[in-house]
Amino acid sequence: MESYFSEKLEEDILECEEVLGVEITVDSKKTGQRLDVLCAAEFQDKISSRSYVQKLIETGNISVNNKQTKANYKVKTGDKISFIPPKLQEVTILPEDIPIDIVYEDSDILVINKARGMVVHPAPGNYSGTLVNALLYYCKDLSDINGIIRPGIVHRIDKDTTGLLVVAKNNAAHIFLSEQLKNHDIKREYIAVAEGIIKENSGTVKLPIGRHPIDRKKMAVCSENSKEAITHFSVVKRLQGHTLVVCNLETGRTHQIRVHLSHIGYPIVGDPLYGYRDTHGITGQALHARKLTFTHPSTKEVVSFEAEPPADFSELVNGLSESVSFTM
């Protein structure tokens with residue numbers, strides 16, 4: 001059993017990575033702002049809409065100087081605003097016999113080639129059919145640092161992105177891998193089919209990413225309430241009106257490659273959030289995590305794993321280039 005948010009918050013809370021209280025102190029630049037407006041910006045990684053912020057203020061989950069107040073309260077310099085997540089309920093995450101593609105396994109780690117359409121871990125309103133459900137059926141030994149909701153999960157890839165991710169089977173491995181991730185020492189290489197012809201052979205997109213100011217289900221390049229994001233790219237092949245490109249992540253922001261490529265004018269084929277309507281027959285974005293490199297938790301040796309993109313990805317590339325057969 002695991003405690004988790006009590007309401008179905010798919011449209012209200014997009015990412016609840018932390019359940020500890022968060023406190024901010026109002027500085028002079030924010031003085032005079034409405035409490036709900038300020039909190040919608042400050043807590044954007046946890047709360048996706050201003051209306052839900054207002055609910056949390058009404059219930060006292062967001063307070064000022066440890067006192068309940070109203071959403072239209074004008075904050076003052078020195079005010080301490082606290083965010084305490086809503087009351088929790090018990091949910092059960094069940095093992096499910098779902099096929100998973102295991103690229104590598106030992107006593108410390110699993111390297112999984114995730115299929116398109118599979119969510120990595122359960123979230124409100126979506127407690128089954130995930131990679132975690134499959135892992136619980138396959139493997140009884142997983143790290144419990146992140147609880148039952150995310151056992152063994154060190155990092156994620158989007159639902160409709162395919163490819164490699166590493167899972168920790170014990171806490172020591174999880175901590176070791178998480179430190180590498182934090183220090184940008186885990187190398188993640190993706191391959192994508194982008195709309196348009198990228199003229200440069202290689203380049204770097206270094207633009208901050210945060211929650212979209214209007215559409216809270218999306219991320220965007222923005223200067224406020226954002227985090228540094230760096231994506232390196234290189235062209236593999238120019239196709240008919242498209243480009244086959246390799247991307248390497250230096251940081252790991254939500255939807256990073258998808259947002260960066262779209263922002264510079266080359267959205268990924270099939271991307272339902274940041275791309276065009278023509279999906280070329282692919283369900284979800286043509287983005288595949290094809291290579292993963294990191295230091296092994298026990299041996300301390302650098303290990304590297306690769307996985308070929310799925311058949312529909314290859315068929316897409318071949319269909320965009322009659323003269324060139326697609327090989328990796």
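The values are calculated or read from the model by the stated rules, or taken from the named source; none is laboratory data. All of these numbers come straight from a predicted model, not from anything done at the bench. All Cβ positions, glycine included, derive from the backbone under ideal geometry; neighbour counts span all protein chains shown. The accessibility values were calculated without ligands, DNA or RNA, using every heavy atom of the protein model including side chains. Shrake-Rupley method; radii C 1.70, N 1.55, O 1.52, S 1.80 Å.
Please label the shape of region 175-240 as rounded, prolate or oblate, based on the square roots a ≥ b ≥ c of the eigenvalues of the alpha-carbon gyration tensor (a/c under 1.5 means rounded; beyond that, a/b larger than b/c means prolate, else oblate). Let's see the in-between values first.
Details: a/c = 2.25, a/b = 1.19, b/c = 1.90.
In terms of gyration-tensor shape, oblate.
May I ask you to list, by number, the DSSP H helices of the chain whose Cα span along the axis is at least 15 Å and whose average Kyte-Doolittle hydropathy reaches -0.5 or more? Intermediate values should be presented prior to the final figure.
Working: long enough: 171-182 (16 Å, 0.01).
Membrane-span-like by this criterion, though nothing is claimed about a membrane: 171-182.
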If you wrap a convex hull around the alpha carbons of the chain, what volume per residue comes out, as a whole number of Å³?
142
If you find the alpha carbon centre of region 285-300 and of region 225-253, how far apart are they in angstrom?
17
With Cα springs under 10 Å, the Gaussian network model of the chain assigns the largest mean-square fluctuation among Ser107, Ser234, Ser226 to Ser107
Heavy-atom accessible area of the chain with neighbours in place, 1.4 angstrom probe: carbon+sulfur share in percent works out to 48
When the dipole is taken about the Cα centre of the chain, and only Lys, Arg (+1) and Asp, Glu (-1) are charged at their Cβ, what size is it in debye, to the nearest 20?
1260
Counting Lys and Arg as +1 and Asp and Glu as -1, what is the net charge of the other residues whose Cβ lies under 12 Å from the Cβ of Ile191?
+1
If you project the alpha carbons of region 130-208 onto their three principal axes, what span does each projection cover, largest first, in Å?
49, 26, 18
Which value, in Å², gives the accessible area per residue of the chain when a 1.4 Å probe is used on the protein heavy atoms?
48
Straight-line reach from Lys76: which lysines fall under 18 Å, measuring Cα to Cα and dropping same-chain residues less than 8 apart?
Lys29, Lys30, Lys67
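Beyond a 22 Å Cα-Cα separation, which of these cross-linked pairs lie in this structure: Lys206/Lys300; Lys199/Lys237; Lys182/Lys237?
Numbers: Lys206/Lys300 31 Å; Lys199/Lys237 11 Å; Lys182/Lys237 32 Å.
With Cα atoms farther than 22 Å apart: Lys206/Lys300; Lys182/Lys237.
For a distance above 18 Å, tell me the whole-number percent of Cα pairs in region 106-263 that qualify.
Details: 7984 of 12403 pairs.
So the portion of pairs separated by more than 18 Å is 64 percent.
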Trypsin sites (Lys or Arg not before Pro) within region 189-238: DSSP coil, no more than 13 neighbouring Cβ in 10 Å
Lys199, Lys217
Let me have the 222 nm mean residue ellipticity of the chain computed from DSSP H runs of 4+ only, each contributing -39500 (n - 2.57), with the sum over all residues rounded to the nearest 500.
-5000 deg cm²/dmol
Per region 222-315, sqrt(5λ) over the Cα gyration tensor eigenvalues, sorted largest first, in Å, gives 25, 20, 12
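Given contacts defined as C-alpha pairs under 8 Å and at least six residues apart, what's the relative contact order of the chain, whole-number percent? The partial results should precede the final answer.
Working: 700 pairs, mean separation 45.7, N = 328.
RCO, the chain: 14 percent.
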